Each structure stands twice: as C-alpha cells, then as structure tokens.
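Asks: Here's a structure for you.
The values are calculated or read from the model by the stated rules, or taken from the named source; none is laboratory data. Since the model is a prediction, treat every value here as computed from it, not as a measurement. Backbone-built Cβ (ideal geometry, glycine too); neighbour counts: all protein chains shown.
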C-alpha cells in the first residue's frame, strides 16, 4: 500500500513521465502546427487522456487488484483483457531497459564527449556495433550488456522491496532529482546561442494546420502514449490506494504534471536544437528530430559543441536514466502484481520469478549487434497494435460490453473532490473509441501496404505481427488457468464493503431491485464474483 | 522570437502549468481522509496501520 496519496501521485507521475515526454513530444508538437498544437493537445488531454486515467483509477481502486484480477472482479470474461495488458508490459519492459542502459553509458561518455566529431557514426558503429544483417544474433556488445545487467539489478532490487519501501521510496528520491536536473538543463539550454531561434520555431503557430485531421490524431496519440494509460500500470498503482482517496483530484495533478514536464522538455530540446542549427549555419527544420536520433545523435553533437557541454550531457542523460527507470519500475510492477495475485505468492518470490527471466530475455535479445532492429520493430508494433488495440477493446468492453461506466463513475464520485458528470461517460464510450479506432485502422493499413522501415518481411512478421498476435493468444490462455485457492481472488474480500458498508449495501439493494442487468451489476457491483461466491 | 511565438509560449505555459497549479490547489483544499479501519486501529492501539489491498 501507498502510505498516502502524495506518494502515489509522485509514483504515478514517475510512471507517466518517461522517455516519450523528453524525446517524442517536442518533435510531435513542432511537426504539427508548433504553437497551434497546444489547442488539440489540451483538447486531447481533457477529453481522452485524463478521462482514461480516471477509468484506470476507477477499475484499480474499485476492484483492488492487478489488471487480470481487477478485470475479473469487474466481469469474469474481462480477465483476458487484463492479461493482454500484462503481456504488453512484458514486451515493453524487455526493450525499454536497453534504452536506459544506453542512456547510462552516454551519461558516462558525456564526461569525455567520447563520440568526438561524429555522433551518428559513433552510436551505430563504435557503441552499438550494429550489424548489416537483419536477424536474431547473439553477438554481444559488452558496453551495452554490462549497463543492462545493472539496470535490471536496480529494478529487481527496488521491486523486491515492495510498494511502500521500494517503489514509493525510489519515487521520493528519483522524481525531485529528475525535476531539478531537468530544470537546470532547460535553463542552461536557454543561455545557448541560437536558443531563442529554436523556441521561435517551436512556438510559432501554424493556424492553417488546425483544419488538418492529422494534427488532431497526433495530439490524441501523444497524450495517449505519454500518460501511460490503458495498459495496466495505473490500474495496478491505484489498487494500492486507500479506499477514501480523492481519485479525480489526484488524477488532475498527475495529468497536468505530465504535460507540464513535456512542455518543459519541448523548451529545453528546441533551445538546444536552436543552438545546433546556429552552429552549423542551417535552419532549425534541418536539425529537428525525435526519438533515438534526438537523444543519441543530435544531443551528443550539441554537447560536443556547447559551452559547459559536459554539464549539459550529464544532466540530459541523467534525466533520461531517471525518467526511464521510474517508468520501467511501474511497467514491471504490473507483471509482478499479476503473478502475485494469481498464484498468491509473496512479494520477493514473485519479483524474482518474474524479474530474473525477464532480465534474461532482455539481456539475451537486445545488447547484441542485431538488437537495434529488433528493438525498433517490437517498439513500433507493441505500441501501435498492442497498447492502442487493448485500449480500444477495453473502452468498448467497459462501455458497450459490460455497461460498467455508470457504476465506475459512481465509485469515483463517492470519494473524489471533482465530481464526474455524464460527459466522462461520453468521452470514454464515444470519443476515445473513435479516436483509437481511427489511429488503429490508419496504422494497420500503412503497415500492411508499406511494411515497416524497409526491414525484411519475415523479421517484421515474426517480431512485429507475430508478437502482437501471440500476446492476444497468450492472454486468452492465461485467463483460462484456474485461480489457485491461495490466490488473491479468494483471499481478498471483494464481497465486503469496498468503500463503506452502507454505500455498498445500498448499491447491492439497488441492484437486486433492478434485477439481472448485464455484467457489472450481476458481479462486482453487488459484491460478488460469479461462480465463486464466498462468505465474507 | 516573433510576437506570435512569444504569445503562444505564454498561453501554453499558463494553460499547462496553470492547470497544474489549480489541480494542486484543489488537492490542498481537500485534505486526505484515512480509512475507517485505520482510524479504528489508531483509536484502539494508538498505532498507525496501513490497510491491506
């Protein structure tokens, strides 16, 4: 359990603020209307991001479990959705750790600007030793392997200590540190020559783009991926909250803090890119990049040229490490919590049994000369066809499938400072399925017609398509495994009062008078799980 | 920086950081409540407990 909501908020911000905030948002905003992007961005935050955050909080807090258990308590048929989310977290964790390992090495490289004049050549050549072959190889690169083992060691140690002593305490240390480092970084970047030209490029609005549907899709996509919603993390984290927690009040802080950090990153990154453009005598448009290219090629170039570049490098890569670690911890926690719930294991045992094999898979597949292409494909597919697809299925299931939204809204409103109106149901049941459906179909058609990144079909077929389809099948199979009698499904008392006795008694009475409604009212709302009724 | 860029920067900062400020103020105005079982335990044993999930 969290000791209080403050720690939960810090941990939830730690989870939401990750690499995407630093290396994705600045470029997405710049490419999609610059300053004008703030309008679709805020609309997306308020009509999809924060409402989805509340949905996750409501499920986790009401049904008090990891995604499979919480979903099962909502409706037995929903358990597979929970396992699907767990599988997605597994895939993300195994490659996400590798990027943190790279950032850790670049933190050390910053002291000597080890990449010299040619940051791009250094990254793919000397550092990653990327092979020309696109396949699955086991030719290890020690300078990635060793930091990767360290990353997993730290993550497993923190998670083994549990929610209160491990996750909470690490968030209390890492989050303020991240904020301070990043603030100094931004201030330093603002004093670089050309910084204001960079900011000018970043904030100059292109109002004509507002009529273009692609910038609205980009805004919804950015908010969706940045907030870490709909793949189980927030369900898990909110299950450790006190029953009388202000869910909406906390959620607004998390949502706006995540966006606040992104905006700060946009300012810092474009100030630095402005310097890069000025020193090479080109326009900002020629140096603007995102993702791995921004962090491991553009930034090293800036660090090598800027005054006090060492400090800039240490702050930038240190921020990437801390932002990444707090996110990775939250991702792995979902899997540990699910295994703990299903098998009734103790914390340390579950952490080791989950953490060590995951670390081994990550260590065997990625710190190799062929690891970069594998990382690229798994990342693209698990995001586009894992997270987006599970989110779409979940919102449709919660709204049309199990008619759970009114009950979940009631649950949120019972303890929250900001009450949710019917509009929340419209956002979840109407706006998000349309947006997610559009994004899913759009990426699906592009991938089918164009393939991915010029990589061989068999490679994309196995590690892209094959992986995302396998996640669905494995989730279905896991949901068919019966719950052990020692598991949380039996030991935790979902039949008793979740909020308080009176409220649940009233809910129960109301449901009985209504008769057999669909899904939720038959199961969780009346305080029972179909087929396994047990005395409280 | 052009005027329009400066204006948009200020608007973006005010909207996002202002939103965070309002959210934090709202949270401060609604202090955290402890659960009944915790309150009972404090009352009877004088000890603080964290309730199970």
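Asks: Select from region A:1-30 the residues that are part of a loop (DSSP other than H, G, I, E, B) and over 14 Å from the mean Cα position of the chain (by Cα) and write down the one among them that is farthest from the other protein chains (Cβ to nearest Cβ).
Replies: Step one: filter region A:1-30 for residues part of a loop (DSSP other than H, G, I, E, B), giving A:1-4, A:17-18, A:24.
From what's left, over 14 Å from the mean Cα position of the chain (by Cα): A:1-4.
Numbers: A:1: 4, A:2: 8, A:3: 6, A:4: 6 Å.
The residue in question is A:2.
Asks: Quick one: which of A:9, A:22 is surrounded by fewer than 24 Cβ atoms within 10 Å (Cβ to Cβ) and under 15 Å from residue A:259 (Cβ atoms)? Talk me through it step by step, then tell me what you get.
Replies: Working: A:22 fails: surrounded by fewer than 24 Cβ atoms within 10 Å (Cβ to Cβ).
Unique residue meeting the criteria: A:9.
Asks: Name every residue in region A:60-72 that is more than 12 Å from chain B (Cβ to nearest Cβ) and within 20 Å of residue A:476 (Cα to Cα), in order of residue number. Working first, answer last.
Replies: Taking region A:60-72 first, the residues more than 12 Å from chain B (Cβ to nearest Cβ) are A:62, A:67-68, A:71-72.
Within region A:60-72, A:67, A:68, A:71, A:72 meet the criteria.
Asks: When both residues are 6+ apart or on different chains and their Cβ atoms are under 6 Å apart, which pairs have a first residue that lies in region A:252-267 and is closer than 9 Å to residue A:17 by Cβ, and a second that is outside any helix (DSSP H, G or I)?
Replies: Every condition considered, the pairs that remain are A:258/A:17; A:258/A:227; A:261/A:17.
Asks: Using the structure shown, decide if residue A:503 is exposed (fewer than 14 other Cβ atoms within 10 Å of the Cβ) and either part of a helix (DSSP H, G or I) or at pLDDT 50 or above (or both).
Replies: No.
Asks: Given the criterion at the interface with chain A (Cβ under 9 Å from one of its Cβ atoms) and modelled with pLDDT under 90, identify the matching residue among B:52, B:19. Reasoning before the result, please.
Replies: Details: B:19 fails: modelled with pLDDT under 90.
Result: B:52 is the single residue among B:52, B:19 that is at the interface with chain A (Cβ under 9 Å from one of its Cβ atoms) and modelled with pLDDT under 90.
Asks: Continuing with the same structure: Return yes or no: is residue A:58 in a helix (DSSP H, G or I), at pLDDT 95 or above, over 15 Å from the mean Cα position of the chain (by Cα) and over 30 Å from residue A:375 (Cα atoms)? So that I can check it myself, show each step before the final result.
Replies: Details: in a helix (DSSP H, G or I): yes; at pLDDT 95 or above: yes; over 15 Å from the mean Cα position of the chain (by Cα): yes; over 30 Å from residue A:375 (Cα atoms): yes.
Answer is yes for this residue.
Asks: Residue by residue through region A:167-178, note down the ones that are away from chain B (no Cβ under 12 Å) and in contact (Cβ under 8 Å) with a residue 40 or more places away in the chain.
Replies: A:167, A:170, A:171, A:172, A:174, A:175, A:177, A:178
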